[in-house]
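Report on the structure given below.
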Amino acid sequence: MTKEYRLETILAHTGIKSDEATGALAAPIHFSTTYQHPEFGHSTGFDYTRTKNPTRATLEKTLAAIEKADYAIATSSGMSAIVLAFEIFPVGSKVVAARDLYGGSFRWFNDKEKEGRFFFSYANSQSEMISAINEDTDIVYIETPTNPLMIEFDIQKIAKIAHDRGAKVIVDNTFYSPIYQNPIPLGADIVVHSATKYLSGHNDVLAGVVITNDQAIYDKLFYNLNTTGPNLSPFDSYMLMRGLKTLKLRIEKSTQNALEVVKFLENEPEVKEVLYPGKGGMISFKVKDQTKIPNLINRLDVFTFAESLGGVESLITYPTTQTHADIPADVRASYGLTDDLLRLSIGIEDAQDLIDDLKAALEA
């Protein structure tokens, strides 16, 4: 399967025809950690599974194809993907990043800045980001839409400005996935995903992805991967391939449901603001009385109170105490991540059941 095929076909055919010896429709799982050399001085291309594994290689071929890129590396988590992407840059690199971002990313960024490994400046909006990029900038880091305020950034516009000033662009594409966004053709140098989320889609795989079109960048990423070993296991590689097959169907359904839920929330008296970029399954909303949030969460039945996102089941998250708890309260409040905000990951259930569940909890 190659990039010439359309997205739905690439996804549905993930892993098929990868075992020429048997013709197995499902990609086999290669658990072996080491591989026999045919003879002295010759290799099958697989020597040791930390370096390269047949199951992981099959997965990476599909991941690169759906992001319209040449290279993909599957890692053990979304955070390991971010760390791998950043670690190819030299000590002291200066980073311009969106202020609204995943709390785990902020935690690592903050630690690295304390160590003097990287130096960060943060932008609350696209215009602030563009103003912050200068000749000293080494990396521009974007989540779009952001987590959890759902702010969109124009990747193509920012990438051109960054490149004109000699900076590289890293985009976290977890929320939109390749279904709604391909950052590489828009100018991103590196794309990362928490593949735990939409790409796998069933809340049963912990995985990450780093993607690039630049061979020099890939070579550095691969060297660090082989050296430090944040690889995705063969079994998890298989499970991620299985999830990819239904990616488009799942995201289209979650978007349909999200549009219905947004319509309800915008007319709900207990809700004062709804944050939704117009597509995808992620919604944030602010309630009028934040003291009711514990009761609201406890009364939900269809929605599950849990961290993470992008699965077939709908989740509700309270960023203040969960995903963004490591960001100081005053910093969160300064950019609009206030304690009255809840985040929804909309799944593939019946939309009316989701609405009825929220309505009963909000109006209790």
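Every number in this text was worked out from the coordinates using simple rules, so none of it is lab data. All of these numbers come straight from a predicted model, not from anything done at the bench. Here the Cβ positions follow ideal geometry from the backbone for every residue, glycine too, while neighbour counts run over all protein chains shown.
Observations, loosely collected:
- Loop-resident sites, the stretch 160-227, for chymotrypsin sites (Phe, Trp or Tyr not before Pro), counting at most 10 other Cβ within 10 Å (DSSP): none
- One quarter of the surface of the convex hull around the alpha-carbon atoms of the stretch 10-61 equals 4.1 nm², the direction-averaged projected area.
- DSSP beta bridges confined to the stretch 7-244 are antiparallel in about 40 percent of cases.
- When the helices of the chain are scored as -39500 (n - 2.57) per DSSP H run of n ≥ 4 and the total is divided over every residue, the value at 222 nm lands at -10500 deg cm²/dmol.
- Using alpha carbons only, the radius of gyration of the chain set against its Kirkwood radius gives Rg/Rh = 0.99.
- When the charge dipole of the stretch 274-352 is built from unit charges on Cβ atoms (+1 for Lys and Arg, -1 for Asp and Glu) and taken about the Cα centre, the candidate among I293, A306, Y276 whose Cα reaches farthest toward its positive end is Y276.
- When the chain is treated as a GNM with alpha-carbon contacts under 10 Å, the residue of I297, I346, I155 showing the greatest mean-square fluctuation is I297.
- The base-10 log of I(q)/I(0) for the stretch 247-362, evaluated at q = 0.19 Å⁻¹, reads -0.99 [Debye formula, identical scatterers on Cα atoms, solvent excluded].
- Amide H contacts under 5 Å for E273: K286, restricted to partners 5 or more places along the chain or on a different chain, H placed in the peptide plane at 1.01 Å from N.
- As a rough guide to protection, the peptides 185-191, 41-47 ranked by mean Cβ packing within 10 Å, highest first, stand as 185-191, 41-47.
- Nitroxide proxy distance, nm - points 7 Å out along Cα→Cβ at E113 and V331: 0.6
- Charged-residue dipole, Cβ positions (Lys, Arg, Asp, Glu), the chain about Cα centre, Debye nearest 20: 480
- Taking amide hydrogens as placed 1.01 Å from N in the peptide plane, the amide H of T144 sits under 5 Å from those of D172, each at least 5 positions away in sequence or on another chain.
- Extension gain, K17-K292: 0.36 nm per intervening residue step, less the Cα-Cα distance, totals 93.6 nm.
- In degrees, nearest ten, helix 247-266 long axis to first principal axis of the chain (Cα): 10
- Protection proxy ranking, highest mean first, for peptides 236-243, 82-89: 236-243, 82-89, where packing is the per-residue count of other beta-carbon atoms within 10 Å, averaged.
- Between 0 and 90°, nearest 10: helix 351-362 axis offset from the chain longest Cα axis: 50
- Of the residues T338, T255, T228, the one that moves most in a GNM of the chain with alpha-carbon contacts below 10 Å is T228.
- Under Karplus coefficients 6.51, -1.76 and 1.60, residue-wise ³J(HN,Hα) of the stretch 333-346 in Hz, glycine/proline x: 5, 5, 10, x, 8, 8, 6, 9, 9, 10, 10, 10, 10, 8
- Between 0 and 90°, nearest 10: helix 234-244 axis offset from the chain longest Cα axis: 60
- For the stretch 135-220, radius of gyration divided by Kirkwood radius, i.e. Rg to Rh on alpha-carbons: 0.99
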